[in-house]
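J.: Sharing a structure below in structure tokens format, with a few things to ask.
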Amino acid sequence: MKFMFAIAPWDMWEGEDDTLYPLGLAYLGAVLEKNNYKTDILNLTYSKWEDVVEKVREKIEREKPDFFGISILSNSRISALKLLKIVKEVSPKTIIIAGGVHTTFLYDQILNNYPVDFTILGEAEITLVELLDSINNKKPISKFKKIKGIAFKHNEEIIKTEPRERIRDLDSLPLPKHDFFKNTIRKFNTVYMLTSRGCPFGCSFCPSSAYWGRCMIQRSAKNVFKEMKYLIKKFPNIEQIYFMDDEFICNNKRIIDLCKMILKDKMKIKWKCLGRVSSLNEEILGWMKRAGCIEVIFGVESGSQHILDNIGKKVKVSQIINAFKICEKYKIKTAFLSIVGLPGENSKSAMETALLAKKLRVATEPAILIVFPGTEVYRLAKEKGLITDDYWLSEGLCPLYTAEHPKWKLLWWSFRTGFITNLYADEGDFSGFIKRKLINKINPNNFLRIFKRYVSDKT
């Protein structure tokens, strides 16, 4: 049986990093191959829909997959609908299965408006195998109702089964099928890894805790090291590994054990990770430095203690300062990720973010808060009349959170912070910032794109 995975083009995303690839589909590909399915992938993430539509049609017509699995993101839902219509038109017998965060939170909308046969809610590895088994063996509807973690339509009624329990032993899963993305890996000499799933902290703007249930489950250091060895052997020219966990530095013993394995093996590989300031200390950073860590990317979000408390970040500004100072001591590069427009934001709190980054001598160019289904911010936006679930059926881009401030003000706060921090940062790129934020946006080729994102009433 032939199973084709797909991720549709992002409808629009600024500053995209086209080295990134969807590890979730890589895991599912490995699981299906273990269960004797032939797999392929249609990775259109960084494509423009109009540039690939004919190639997509030709590929579907040529391959005629038995199953077509798509991960629908909030920012790819428009092109996902176009893609699925082509699949059903060209290969009407192909069974379409949708999953992903957007699908999980709005499965009824997907089933009612997209040509989708089944949706998978949450973690998919076990669910997908059970679902395919029931389809292939033409089991009665009563059996489908017993598969945990799915939703589907039967006689025009949506049936949602009971939730699937989280996979507790991630080491039991096969290593992800990075081969799906070998061209991207070889082009950029970068591979991505995921060593845990979930985040226990529950920040109000982030769908991770809603999707995973505020529970982090980690792979063992031994299993992580096994994948690192595999990747270095499979792709000998890779220059770095990027750990994509929501919070990589959460279990100090696991990280130290991994670092010891890297050092014992004399593995020469650079790596970077996402980290939480409250988890960092000198002992763990010392091990990380010796084992090849070159950068820690911190989701600081805000320099205002009031805003940090308001969004449930559970960190102190003093911990942010301490984490950056430790990294500076060990000569590990840092990134300061920030957001403007968080609930409760005002000009003073936005300026506190700029002043904190200035104090730390790091540059930050805040994103403007986007509203995603499943988050506490989404609930607030609905409560304030900013959005309804029906919005996601429109062709509007993922909306900015403008329930408290207009877009022009959020844009100004973001620009002001980037301006100040790039001017004073040790590694600031002031001229590059001006070019990105002003000169490039004046370019006629970019004008419509920027207009749609920040000015159009649809957003």
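The values are calculated or read from the model by the stated rules, or taken from the named source; none is laboratory data. None of the values given here were measured: they were computed from a predicted structure. Using ideal geometry, Cβ is built from the backbone for each residue, glycine included, and neighbour counts are taken over all protein chains shown.
J.: It is to be established whether one or more residues within the stretch 397-415 are touching a residue at least 60 places away in the same chain (Cβ under 8 Å) and more than 19 Å from Phe205 (Cβ to Cβ).
T.: No, the conditions are met nowhere in the stretch 397-415.
J.: Moving on. Can you tell me how many residues within the stretch 145-173 are hydrophobic (A, V, I, L, M, F, W, C) and within 21 Å of the chain's Cα centre (by Cα)?
T.: Qualifying residue count for the region: 3.
J.: For the stretch 340-378, give me each residue that is over 24 Å from Asn322 (Cβ atoms), assigned to a loop (DSSP other than H, G, I, E, B) and of a type in the set (A, V, I, L, M, F, W, C).
T.: Leu369, Val371, Phe372
J.: Another question, then. So, in the stretch 304-324, of the ones that are surrounded by fewer than 16 Cβ atoms within 10 Å (Cβ to Cβ) and of a type in the set (D, E, K, R), which residue ends up farthest from Tyr242 (Cα to Cα)?
T.: That would be Asp309.
J.: So, Leu121, is that one more than 23 Å from Asn36 (Cα to Cα), touching a residue at least 24 places away in the same chain (Cβ under 8 Å) and within 23 Å of the chain's Cα centre (by Cα) or not? Spell out the reasoning first.
T.: Numbers: more than 23 Å from Asn36 (Cα to Cα): yes; touching a residue at least 24 places away in the same chain (Cβ under 8 Å): yes; within 23 Å of the chain's Cα centre (by Cα): yes.
Yes, satisfied.
J.: Can you work out which of the residues in the stretch 387-402 that are part of a loop (DSSP other than H, G, I, E, B) and modelled with pLDDT of 95 or more is farthest from Ala354 (Cα to Cα)?
T.: In this case the residue turns out to be Thr388.
J.: Separate question: Just checking, does the stretch 66-77 include any residue being under 30 Å from Pro163 (Cβ atoms), in contact with an Asp or Glu (Cβ under 9 Å, 6 or more places away or on another chain) and part of a helix (DSSP H, G or I)?
T.: yes
J.: Moving on. Being part of a helix (DSSP H, G or I) and either under 22 Å from the mean Cα position of the chain (by Cα) or at pLDDT 95 or above (or both) narrows it down to one of Leu410, Leu448, so name that one. Reasoning before the result, please.
T.: Details: Leu448 fails: either under 22 Å from the mean Cα position of the chain (by Cα) or at pLDDT 95 or above (or both).
The match here is Leu410.
J.: Could you please find all residues in the stretch 180-189 being surrounded by 19 or more Cβ atoms within 10 Å (Cβ to Cβ) and either aromatic (Phe, Trp, Tyr) or part of a strand (DSSP E or B) (or both)?
T.: Step one: list which residues in the stretch 180-189 are surrounded by 19 or more Cβ atoms within 10 Å (Cβ to Cβ), which gives 180-181, 184-185.
Passing the criteria: Phe180, Phe181.
J.: Report, by residue number, each residue of the stretch 215-224 that is assigned to a helix (DSSP H, G or I) and either at pLDDT below 95 or among the aliphatic types (A, V, I, L, M) (or both). Walk me through how you get there before you give the answer.
T.: Step one: filter the stretch 215-224 for residues assigned to a helix (DSSP H, G or I), giving 221-224.
The answer is Ala221, Val224.
J.: Does Pro176 satisfy the condition of being closer than 28 Å to Asn35 by Cα, at pLDDT 95 or above and within 19 Å of the chain's Cα centre (by Cα)?
T.: It is true that Pro176 is closer than 28 Å to Asn35 by Cα, at pLDDT 95 or above and within 19 Å of the chain's Cα centre (by Cα).
J.: Run down Lys153, Lys182 and say which single residue is without any contact (Cβ under 8 Å) to a residue 60 or more places away in the chain, out of contact with any Leu (no Cβ under 9 Å at 6 or more places or on another chain) and not assigned by TED's automatic domain parsing to the domain that holds Lys234.
T.: Details: Lys153 fails: out of contact with any Leu (no Cβ under 9 Å at 6 or more places or on another chain).
Unique residue meeting the criteria: Lys182.
Here is a yes/no grid of residues against (1) out of contact with any Ser or Thr (no Cβ under 7 Å at 6 or more places or on another chain); (2) in contact (Cβ under 8 Å) with a residue 24 or more places away in the chain; (3) under 16 Å from Ile326 (Cβ atoms); (4) buried (at least 17 other Cβ atoms within 10 Å of the Cβ):
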| position | (1), (2), (3), (4) |
| --- | --- |
| Lys260 | yes, yes, no, no |
| Lys266 | yes, no, no, no |
| Cys273 | yes, yes, yes, yes |
| Val277 | yes, yes, yes, yes |
| Glu282 | yes, yes, yes, no |
| Gly286 | yes, yes, yes, no |
| Lys289 | yes, yes, yes, no |
| Gly292 | yes, yes, no, yes |
| Ser302 | no, yes, no, yes |
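J.: While we're on this one: Looking for something farther than 30 Å from Ile284 by Cα, over 21 Å from the mean Cα position of the chain (by Cα) and not in a helix (DSSP H, G or I) - is there at least one such residue anywhere in the stretch 225-236?
T.: The answer is no, given that none of the residues of the stretch 225-236 is farther than 30 Å from Ile284 by Cα, over 21 Å from the mean Cα position of the chain (by Cα) and not in a helix (DSSP H, G or I).
Residue by residue, here is whether (1) within 21 Å of Lys348 (Cβ to Cβ); (2) of a type outside the set (S, T, N, Q) holds:
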| site | (1), (2) |
| --- | --- |
| Glu404 | yes, yes |
| Trp408 | yes, yes |
| Thr417 | yes, no |
| Leu423 | yes, yes |
| Glu427 | no, yes |
| Phe430 | no, yes |
| Ile434 | no, yes |
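J.: For Ala363, are the conditions met, namely being of a type in the set (A, V, I, L, M, F, W, C), modelled with pLDDT under 95 and either farther than 25 Å from Ser209 by Cβ or surrounded by fewer than 23 Cβ atoms within 10 Å (Cβ to Cβ) (or both)?
T.: In short, yes.
J.: I've got another one for you. Just the residues that are surrounded by fewer than 17 Cβ atoms within 10 Å (Cβ to Cβ), over 14 Å from Asp179 (Cβ atoms) and not basic (Lys, Arg), please, taken from the stretch 31-52.
T.: Hits for the stretch 31-52 are Asn35, Asn36, Tyr46, Glu50, Asp51.
J.: For the stretch 83-153, which fully contained helices (runs of 4 or more DSSP H) count at least 2 residues that are crowded, with 17+ Cβ neighbours inside 10 Å and of a type outside the set (Lys, Arg)?
T.: 101-105, 107-113, 125-136
J.: Taking the stretch 156-178 as the search range and keeping residues that are touching a residue at least 24 places away in the same chain (Cβ under 8 Å) and assigned to a helix (DSSP H, G or I), which one is surrounded by the most Cβ atoms within 10 Å (Cβ to Cβ)?
T.: Applying the filter and picking the extreme gives His178.
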